[in-house]
1. If A:Ala102 satisfies every condition in (1) free of Cβ contacts under 8 Å to residues at least 12 places away in the same chain; (2) within 12 Å of chain B (Cβ to nearest Cβ) but one, which is the exception?
2. Return the pair list, or none, for Cβ contacts closer than 8 Å from residues in the stretch B:192-204 that are at the interface with chain A (Cβ under 7 Å from one of its Cβ atoms) and open to solvent by less than 100 Å² (accessible area, probe 1.4 Å) to residues that are assigned to a strand (DSSP E or B) and among the aliphatic types (A, V, I, L, M), at least 6 apart or on different chains.
3. For A:Gly47, which of the numbered conditions (1) open to solvent by 60 Å² or more (accessible area, probe 1.4 Å); (2) within 23 Å of B:Gln211 (Cα to Cα) fails to hold?
4. Identify, by number, the condition in (1) assigned to a helix (DSSP H, G or I); (2) open to solvent by 50 Å² or more (accessible area, probe 1.4 Å); (3) without any contact (Cβ under 8 Å) to a residue 40 or more places away in the chain that A:Gly118 doesn't meet.
5. Does A:Val61 count as free of Cβ contacts under 8 Å to residues at least 12 places away in the same chain, farther than 20 Å from A:Ser291 by Cα and either crowded, with 17+ Cβ neighbours inside 10 Å or out of contact with any Gly (no Cβ under 9 Å at 6 or more places or on another chain) (or both)?
6. Scan the stretch B:31-90 for residues that are more than 13 Å from chain A (Cβ to nearest Cβ), within 17 Å of B:Ala111 (Cα to Cα) and under 16 Å from the mean Cα position of the chain (by Cα) and report the count.
7. With the condition kept exactly as written, say whether any residue in the stretch B:293-311 is part of a helix (DSSP H, G or I), among the small types (Gly, Ala, Ser) and open to solvent by less than 10 Å² (accessible area, probe 1.4 Å).
8. For the stretch A:160-194, enumerate the residues that are β-branched (Val, Ile, Thr), in contact with a Ser or Thr (Cβ under 8 Å, 6 or more places away or on another chain) and part of a loop (DSSP other than H, G, I, E, B).
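The values are calculated or read from the model by the stated rules, or taken from the named source; none is laboratory data. Keep in mind it's a predicted model, so treat the numbers as computed, not measured. Note that each Cβ is placed from the backbone with ideal geometry, even for glycine, and that neighbours are counted across all protein chains shown. Heavy atoms of the whole protein, side chains included, go into the accessibility calculation; ligands, DNA and RNA do not. Shrake-Rupley method; radii C 1.70, N 1.55, O 1.52, S 1.80 Å.
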Amino acid sequence: MNNKWEASMETLSVGEQFAEKVKDNARKDRIRRMMPIILLVVMTAIGAITQKNFFSARNLVNILYQMSIPLVISVSLMFVLLLGSIDLSIEGVMGFAGSFTAFLVQNRTNSNNFGIFGIILVLVICTCVGAITGFIHTKGRIASFITTYAVGQVMTGVAVLVYNSTPIAVTEPAFATISQGRILGIPYLTLMSFGIFAIGAIILNFTAFGRAVYAIGDNETAAASTGINVTATKIKVFALSALMASAAGVLMCIRLKLGQSSIGLNQMFPVVTSIVLGGGSLYGGKGGALSAFVGVLVYTELTNWLTLMGVDTYLRGVIQGIIIIVAVTLTIERTRKTISK
Amino acid sequence: MKKSLLALLAAGAMAVAAFSATAFAEVELPENIGEYHLGICVLSLDNEYWAQEAAAAQLAAEAYGVPCDVLTCNADPNVQLQGMKDYIAQYGDKACFVVDPATTANTASIAELCEESGNYVTILAHRAEGLFPKDYPHFVVSLMLDDLANGAKTAAALMDAIGGEGQVVEITGLLGDDSATNRHAAFEAAKEDYPDVEVVDSQTASWDQAQAMALTETWLVNYPDLKGIYTSGDAMALGAIEAMANAGVSLPIVGCDGTKAALEAIQAGTMTATILNDAYNIAGYGAAYAIQAACGMLDPTTIPDDERLIFAGTQLVTAENVDEIYEGWIVNGNPGYDYFDLGFTVDHYQDPSK
């Protein structure tokens, strides 16, 4: 096969060979870009064939419910990963946002009852924290994973101070309404997260800011030379990331009705994995809203399906890990950079 | 006649009160007790239980008039050992410890460190296999929680709540964790006594509330005839309760730990039972043992070997006793234990062959 191709190449001029190669790359690229969608179809088909309850209305609603918080987190990571950076403070910010929300709304531990104003305060504080993170990262020239890791530690610590080690149980009636309410069978919480995700996708795809993020991720020096303010864009991305993380924390607090720092625990890496499953890159410039959405959906379907299958709990991690490796092998773009981190 | 009887009773009660007051005062504390320092080592303070352990040790230390410091290690065994070494460097042989070890394996290093430096230590909740206080004069006692017995109690409470028949699911703790393993084993054992109960699935939620919630949501779809849920931890039980609330069902469910939120759920009637792992008991008396040994009030080598392997007292919490426990443990933050009565903590003894 290969020899035949080489043989046919010999008969072509250099220019034609180049054109062939470009065409060939474009074809490979198209297939690779289709892979996440194919993966989603395959995962859904496997679910539907092996489990009769997979496609039941209630289970589909469950999947929508279970993907809602990862979807909000994916907006954070969508922007940050496009820059080629990482935000390890997401879990800490989520934990703080959830804990502080429980502290401010009607609860069993204190007499606070700030309702929606409490939530707004939480979102504003976290956005400022994100901006500070971005400022330290860009102005201090400290790698994003160090800066965000440290900020995450600070936020986890502050979260614990907020509730003084005893998690606060929320009694705010609106929280029960939101987590139990549905429109056409779809939970409010899901609708809210889809709304947030849609806004994130619009900002990414239809604003100058979104295009700047893509440009910086693709080639920072080139972006700077075209007049994009790299520092300001990065600070905005980290502020947005923290805002989204805090929104995820608030939604988690609504879902669990308990505020504690562990709300954010183990929430970030599954979403990073999801985005890569969806075709995003850890090196920046590649990915976006579609890859985030498809990735989160596939990942949620996978965990849901493993529960429906009743896989032995000791084997579950093994199976899930293997499936993820196989899936990522199919969807990831092989960069020319050496993988060393 | 009646009046004189009442008077007699009152006089009797007063006499008892007076006697116990003197009994309390008669505990002779060494004059230099204020020079001793107790380090309470816990993994971190962001966990309700570990924070309670720290508070309990401080209460006990206060009762003895001993200054107390909380040493945290973020669940890192090396940081824990280093923290203890620093404390010893500061206070020398006047330092003593009550330790909730970062890992089970760390218990051996802790016992050896304290033996080498000559500081007394009580180790809580974990003990490496083959590690015995009798081999270490400074390892005062091992205070454990009997997860097997506690798991059996909550399992029985669940089985009885569903009338001894029907489908149940189990949510286990972190895979490989010894408490999770024992509580799971207890559930497996309890199943034997209830042949009409069918366990349709068992999955881990790694002690995590959100994971337990997602599991339960999926199960409620897959098993419409589900009758009850067994969980090995309160956080996971609370997640399952939220999932049930959203689905509009309320099945019997049990947990373990005795967290504030779980006690509130029992008060609200959404949770059947839990075990109060009583940090005020295990850590408070653990502190008392270490202090008494350090200042010479107690010579650990005079305690029979097997009696240095203790299971500390715990309680099954149900709707019947939850209000009383909530008041003492959560509202007051002090159940009123007499930390001079060391025998109080002994529920039963551990298997001396393990």
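1. (1)
2. Taking only residues 6 or more apart or on different chains, the pairs are B:Asp201/B:Val169; B:Ser202/B:Val169; B:Ser202/B:Ile171; B:Gln203/B:Val169; B:Gln203/B:Ile171; B:Thr204/B:Ile171.
3. (1)
4. Just one mismatch for A:Gly118, condition (2).
5. Considered against the rule, which asks whether it is free of Cβ contacts under 8 Å to residues at least 12 places away in the same chain, farther than 20 Å from A:Ser291 by Cα and either crowded, with 17+ Cβ neighbours inside 10 Å or out of contact with any Gly (no Cβ under 9 Å at 6 or more places or on another chain) (or both), A:Val61 comes out as no.
6. Matching residues across the stretch B:31-90 total 2.
7. Within the stretch B:293-311, one or more residues are part of a helix (DSSP H, G or I), among the small types (Gly, Ala, Ser) and open to solvent by less than 10 Å² (accessible area, probe 1.4 Å).
8. If the condition is that a residue be β-branched (Val, Ile, Thr), in contact with a Ser or Thr (Cβ under 8 Å, 6 or more places away or on another chain) and part of a loop (DSSP other than H, G, I, E, B), then A:Thr166 is the only one that fits.
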